[in-house]
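The values are calculated or read from the model by the stated rules, or taken from the named source; none is laboratory data. Note that the coordinates shown come from a computational prediction; the quantities given were computed from them, not determined experimentally. FYI the Cβ positions are ideal-geometry reconstructions off the backbone, even for glycines, and counts take in every protein chain you see.
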Amino acid sequence: MIETLKNAWKIAELRKKIIFTLFILLIYRVGNVIPVPYIDTATLASYFDSVLSSTILGLYNAMSGSAFSQATVFALGIQPYINSSIIIQLLTVAIPALERLAKDGGEEGKKKITAITRYTTVGLGLLMGWAYYMMLCNYESSYGLSIVTQQGFLPGLVIVLAFTAGSAMVMWLGEQITEFGIGNGISMILFANIVSGLPKMVGALFTMVWWQALIVVVGMAALILFIIFINDAERRIPIQYAKRVVGRKIYGGQNTNLPIKVAMSGVMPVIFAQSICSLPATVYTFAGWKQGFFYNALWAPNSWGYAVLYFIMIFFFSWFYSTIQYDTVEISNNLKSNGGFIPGFRPGKPTAEFIQKVINKIIVFGAIYLGIVALLPIVAGNVMPGVRNLAIGGTSVIIVVGVALETVKALEAQMLMRHYKGFLD
């Protein structure tokens with residue numbers, strides 16, 4: 001990876017892309033520390049650490065690089081854009097008009113889908129900004145302290161619009177990285193947010209007993225290697241194309257394969273499962289209900305009951321997300337129309353059923369992998385309570401490793417286009 005970065009830096013065009021990406025990330029990090037007016041950030045930080053860190057808002061805070069707990073301009077982070085993208089993807093499957101626009105609309109159709117996603121992002125930003133403002137206002141009635149220093153319509157409007165404008169700005173910054181920089185802009189912003197918490201994690205590591213710190217370091221190294229191995233693992237279904245005679249030329253006849261990645265859903269099932277499993281803790285916190293035995297045994301983020309439910313939800317969302325990604329009937333029809341077939345299976349329905357059978361097996365292995373990575377910090381925290389202070393999440397590790405690998409591949413692809421040897425040089 002380091003060698004690739006050094007070789008990429010020698011190419012003027014790639015050097016400009018890298019500098020542009022770093023500059024955009026710098027702008028984002030600056031916006032992450034600019035507070036919104038009319039908010040007492042010290043009181044908010046105390047409230048967040050004592051009450052909200054165990055709720056779904058703790059996930060949002062980690063994904064925003066701690067900006068959510070400080071009520072900065074970029075407090076909503078990239079979440080509105082991610083949520084709007086997911087919503088539009090689901091609606092594309094459910095609404096025929098959007099499906100035709102995405103499949104048959106060509107470049108204009110993609111532009112319209114992108115525009116719809118942007119408008120949805122602004123709408124979700126307004127909704128989430130208003131919800132965040134109401135949560136801050138309700139704190140005073142519950143605890144007798146005020147986070148919002150000045151009440152009224154105008155201060156509320158300023159706060160909500162500041163959050164919304166910040167989310168739209170983050171979306172724009174991510175798109176600039178995707179278009180003019182290196183890698184996917186949304187992934188790079190998430191990567192920067194998670195990496196910004198490394199100094200705090202290292203500081204907490206030095207407070208642990210030496211043998212516990214050694215176990216954590218070795219475990220993290222093994223976990224990263226495991227994620228890299230699974231990230232590159234794939235099941236290759238052999239595909240053979242029949243020979244066709246067109247005029248005096250013969251086309252087809254070659255053998256290829258249909259690759260299906262083990263980690264086909266990426267980190268999305270973990271994010272969905274964590275959001276759903278954190279909802280009860282969020283409801284308990286906002287409603288002010290007493291957290292008794294039932295809550296501590298089933299919904300507390302570090303309980304074994306929560307871990308079991310978390311694992312089940314990861315399985316469910318792995319299956320759900322794979323059904324959106326892969327349409328086996330469409331894959332079978334595309335192979336048939338191009339003269340391709342899987343050896344031993346007739347084109348059409350038998351081919352689709354075989355591909356679906358392979359995908360179902362891969363879903364199981366992929367879900368087990370995601371479950372191990374996601375639950376390992378919970379298990380380690382119950383065995384060694386000091387690990388909880390590190391604020392390590394399986395989602396964060398998968399995102400960091402995945403983005404790093406994608407960035408290296410993007411750089412190598414750029415160098416290959418310029419006839420550069422990358423690692424071999």
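Just a yes or no: is a residue in the stretch 138-150 within 30 Å of residue 45 (Cβ to Cβ) and of a type in the set (Asp, Glu)?
Yes, the stretch 138-150 contains a residue that is within 30 Å of residue 45 (Cβ to Cβ) and of a type in the set (Asp, Glu).
Where in the stretch 1-93 are there helices (runs of 4 or more DSSP H), lying wholly inside it, with at least 2 residues that are farther than 27 Å from residue 158 by Cα?
2-9, 12-31
Anything in the stretch 45-102 that is over 25 Å from residue 117 (Cα atoms), modelled with pLDDT of 75 or more and buried (at least 18 other Cβ atoms within 10 Å of the Cβ)? List them, or say none.
Passing the criteria: 47, 48, 66, 69, 70.
Being buried (at least 16 other Cβ atoms within 10 Å of the Cβ), closer than 26 Å to residue 256 by Cα and either touching a His at 6+ places or on another chain (Cβ under 9 Å) or modelled with pLDDT of 80 or more (or both) is the requirement here; does residue 329 meet it?
Considered against the rule, which asks whether it is buried (at least 16 other Cβ atoms within 10 Å of the Cβ), closer than 26 Å to residue 256 by Cα and either touching a His at 6+ places or on another chain (Cβ under 9 Å) or modelled with pLDDT of 80 or more (or both), residue 329 comes out as no.
Results for (1) modelled with pLDDT of 85 or more; (2) surrounded by fewer than 17 Cβ atoms within 10 Å (Cβ to Cβ), shown as yes or no for each residue.
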position	(1), (2)
174	yes, no
178	yes, yes
186	no, no
194	no, no
199	no, yes
245	no, yes
251	no, yes
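Based on what the data block shows, is residue 124 touching a helix residue (DSSP H, G or I) at 6+ places or on another chain (Cβ under 8 Å), part of a helix (DSSP H, G or I), closer than 23 Å to residue 67 by Cβ and touching a residue at least 40 places away in the same chain (Cβ under 8 Å)?
Against the criterion (touching a helix residue (DSSP H, G or I) at 6+ places or on another chain (Cβ under 8 Å), part of a helix (DSSP H, G or I), closer than 23 Å to residue 67 by Cβ and touching a residue at least 40 places away in the same chain (Cβ under 8 Å)), residue 124 qualifies.
Please list, ordered by first then second residue, the pairs with beta carbon atoms under 6 Å, 6 or more apart or interchain, first in the stretch 7-32 and assigned by TED's automatic domain parsing to the domain that holds residue 167, second charged (D, E, K, R) and assigned to a helix (DSSP H, G or I).
As it stands, the answer is 9/15, since those pairs meet every condition given.
Going by the structure shown, is residue 346 of a type in the set (Lys, Arg), at pLDDT 75 or above and more than 24 Å from residue 363 (Cβ to Cβ)?
Judged against the criteria, residue 346 is a match.
Hey, can you tell me all the residues within the stretch 188-241 that are in contact with a Phe, Trp or Tyr (Cβ under 7 Å, 6 or more places away or on another chain), among the β-branched types (Val, Ile, Thr) and assigned by TED's automatic domain parsing to the domain that holds residue 372?
Hit for the stretch 188-241 is 230, nothing else.
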